[in-house]
1. What number of residues within the stretch 57-75 satisfy the criterion of being within 13 Å of residue 11 (Cα to Cα), in contact (Cβ under 8 Å) with a residue 40 or more places away in the chain and either assigned to a helix (DSSP H, G or I) or under 10 Å from the mean Cα position of the chain (by Cα) (or both)?
2. Under 12 Å from the mean Cα position of the chain (by Cα) and at pLDDT 95 or above - does that describe any residue in the stretch 96-105?
3. Anything in the stretch 5-23 that is touching a helix residue (DSSP H, G or I) at 6+ places or on another chain (Cβ under 7 Å) and in contact (Cβ under 8 Å) with a residue 60 or more places away in the chain? List them, or say none.
4. Which of the following residues is free of Cβ contacts under 8 Å to residues at least 60 places away in the same chain and assigned to a loop (DSSP other than H, G, I, E, B): 36, 31, 47?
């Protein structure tokens, strides 16, 4: 059971790294569309893949219980992705423009998720050493 958790944790960490790269690429792909170098199609497809990855991250986090912080960040990411996909369809343009600000929030959450995953890998499964109380040493 412990090895299965370790595998799930590593899958979660790897997927968080890929998701971080994809989110960074999204900013470039949005610029490609905005400056007319190509259509927004690559941006849309990558966004759909990031949404799928965020859902998989949450499922992995829950299945392997990779720690409270990683589960919470994965859940927040899913919520932000739902909002991100809804914003371009809002008829009020000034509200729809929050798509860009929400993208920054997504970047921040994914970066924190990646960091939490990396730190989790460093700690490993080492059992903490518990020192005996000072008072007990002299007895």
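1. 6
2. Yes.
3. 5, 9, 12, 13, 16, 17, 19, 20, 23
4. Working: 31 fails: assigned to a loop (DSSP other than H, G, I, E, B); 47 fails: assigned to a loop (DSSP other than H, G, I, E, B).
Matching residue, one of 36, 31, 47: 36.
Conditions tested, residue by residue: (1) in a helix (DSSP H, G or I); (2) within 21 Å of residue 97 (Cα to Cα); (3) modelled with pLDDT of 95 or more.
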site: 8; (1), (2), (3): yes, no, no
site: 19; (1), (2), (3): yes, no, yes
site: 26; (1), (2), (3): yes, yes, yes
site: 42; (1), (2), (3): yes, yes, yes
site: 53; (1), (2), (3): yes, no, yes
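The values are calculated or read from the model by the stated rules, or taken from the named source; none is laboratory data. Being a predicted model, the structure only gives us computed values, none of them experimental. Virtual Cβ from ideal backbone geometry, glycine too; neighbours counted across all protein chains shown.
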